[in-house]
Amino acid sequence: MWNLSYIEPVYRPPSEARSLIIQATNGCSWNRCRFCDMYTQSQKKFRPKPLAELEKELLEVKKSPVPFRRIFLADGDVMTLSFRRLQEIMQLINRLFPDIQRVSSYCLPRNLKNKSADELRTLKEMGLRLLYVGCESGDDEILGYVEKGETFESSLNALKKIKQAGMKSSVMILNGLGGINFWQQHAINSAQLMNAAQPNYLSTLVVSFPLGMERFSEGFGGSFQPLDQHHLFLEMRTLLENLDLKKTIFRSDHSSNYLILKGVLNQDKEKLLQQVNAAIQQPENANLRQEWQRGL
């Protein structure tokens, strides 16, 4: 179909399933988060792709009759590129694909520290309209244990800057990130971060350890105890109870989740809480995903 020189593995959000994936960078420039094994392989060392290579790939795509309306810029850290380089990429996309509806990318909060709201507004006007921000938690203690390199304030500042620029934000929170010792403060402080930021989209994923838990647990001094299904639901209930959102589309339907939840917050808050309470009280009747159905 398209002759694109991907360096595998390549990841994208579930909502970008129909998008053209352009690997503008390889890997992640931070790559220290203890919960993330996405870019730990030797071939995933961070490297921006030269603009000439991107242009060559996009010219090949342009020859194809396969339709697409959206582009997702991979890998996990494209927004670490300078404003000038991001402008060049967007100019290239606009020149070759003037009818593209939307360009999106993952974004670490630190990526926006040295970019102004005006610069982001310029990129938005060029078509970069949605940033997927992995906040993971609003709790500074947990963020320190997992070596996220972010804080409540750094995440909030980035989300406010996105809003000031007129872009949309889609935030990810990791259910279970604090384990049995910190699940309550994780839920409450994550809700407080979302209340202050009012993102356009909010999703929750369950923290998973496909390569084992040793590296992650070391961040907690070896004392990390993962949440069982019951406590994952208790944490979700606490998160929902403390959220005060005006019009945020909420999704907890990633394949890592046991319980599928969808709604608009706070509009559907009571309905979602009823679903979670039903799963806590009668899990056998809650239509939960089985273990073999779950994954990354």
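Residue-by-condition table, conditions (1) assigned to a loop (DSSP other than H, G, I, E, B); (2) without any contact (Cβ under 8 Å) to a residue 40 or more places away in the chain; (3) surrounded by fewer than 14 Cβ atoms within 10 Å (Cβ to Cβ):
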{"residue": "222", "(1), (2), (3)": "yes, yes, yes"}
{"residue": "235", "(1), (2), (3)": "no, no, no"}
{"residue": "258", "(1), (2), (3)": "yes, no, no"}
{"residue": "264", "(1), (2), (3)": "no, yes, no"}
{"residue": "271", "(1), (2), (3)": "no, yes, yes"}
{"residue": "284", "(1), (2), (3)": "no, yes, yes"}
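With region 147-219 as the region, which helices (runs of 4 or more DSSP H) entirely inside it contain at least 1 residues that are at positive phi? Outline the logic, then answer.
Numbers: elements: 152-164, 179-197, 214-218.
Those helices (runs of 4 or more DSSP H) span 179-197.
Please pick out the residue among 79, 90 that is touching a strand residue (DSSP E or B) at 6+ places or on another chain (Cβ under 8 Å), hydrophobic (A, V, I, L, M, F, W, C), assigned to a helix (DSSP H, G or I) and in contact (Cβ under 8 Å) with a residue 40 or more places away in the chain.
Numbers: 90 fails: in contact (Cβ under 8 Å) with a residue 40 or more places away in the chain.
When all the criteria are applied, what remains is 79.
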*Look through region 1-33, keep the residues that are among the small types (Gly, Ala, Ser) and farther than 22 Å from residue 173 by Cβ, and return whichever of them is surrounded by the fewest Cβ atoms within 10 Å (Cβ to Cβ).*
5
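From the list 149, 144, 127, which residue is surrounded by fewer than 20 Cβ atoms within 10 Å (Cβ to Cβ), over 21 Å from residue 74 (Cα atoms), small (Gly, Ala, Ser) and at pLDDT 95 or above? Full working, then the answer.
On the way: 149 fails: over 21 Å from residue 74 (Cα atoms); 127 fails: over 21 Å from residue 74 (Cα atoms).
Only one candidate qualifies: 144.
Within region 17-57, take every residue that is in a helix (DSSP H, G or I) and out of contact with any Ser or Thr (no Cβ under 8 Å at 6 or more places or on another chain) and give me the one that is farthest from residue 104 (Cα to Cα). Walk me through it before giving the result.
Narrowing region 17-57 to residues in a helix (DSSP H, G or I): 42-44, 51-57.
Now drop any that are not out of contact with any Ser or Thr (no Cβ under 8 Å at 6 or more places or on another chain), which leaves 42-44, 51-52, 54-56.
Values: 42: 26, 43: 24, 44: 21, 51: 18, 52: 21, 54: 16, 55: 18, 56: 20 Å.
Step by step, filter region 17-57, then rank; the result is 42.
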_Flag if residue 170 is crowded, with 17+ Cβ neighbours inside 10 Å, farther than 22 Å from residue 254 by Cα and among the small types (Gly, Ala, Ser)_ = no
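Being outside any loop (DSSP other than H, G, I, E, B) and either under 24 Å from residue 17 (Cβ atoms) or at pLDDT below 95 (or both) is the filter here, so list the residues in region 93-109 that pass it. Break it down stepwise before answering.
Filtering region 93-109 down to residues outside any loop (DSSP other than H, G, I, E, B) leaves 93-96, 102-107, 109.
Across region 93-109, the qualifying residues are 93, 94, 96, 102, 103, 104, 105, 106, 107.
Give the residue, chosen from 29, 42, 5, that is more than 19 Å from residue 203 (Cβ to Cβ), more than 15 Å from the chain's Cα centre (by Cα) and without any contact (Cβ under 8 Å) to a residue 12 or more places away in the chain. Write out each step before concluding.
On the way: 29 fails: without any contact (Cβ under 8 Å) to a residue 12 or more places away in the chain; 5 fails: without any contact (Cβ under 8 Å) to a residue 12 or more places away in the chain.
Matching residue, one of 29, 42, 5: 42.
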*Is it the case that some residue within region 62-76 is at positive phi and outside any helix (DSSP H, G or I)?*
no
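Conditions tested, residue by residue: (1) crowded, with 17+ Cβ neighbours inside 10 Å; (2) closer than 23 Å to residue 131 by Cβ; (3) of a type outside the set (Gly, Ala, Ser); (4) at pLDDT below 95.
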position	(1), (2), (3), (4)
227	yes, no, yes, no
248	yes, yes, yes, no
252	yes, yes, no, yes
278	no, no, no, no
293	no, no, yes, yes
*asked:* Which residue is surrounded by the most Cβ atoms within 10 Å (Cβ to Cβ), if the candidates are limited to region 93-106 and must be out of contact with any Leu (no Cβ under 8 Å at 6 or more places or on another chain) and touching a residue at least 12 places away in the same chain (Cβ under 8 Å)?
replied: 100
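The values are calculated or read from the model by the stated rules, or taken from the named source; none is laboratory data. Fair warning: this is a prediction, and the values are worked out from it, not measured in the lab. Note: ideal-geometry Cβ built from the backbone for every residue, glycine included; neighbour counts use all protein chains shown.
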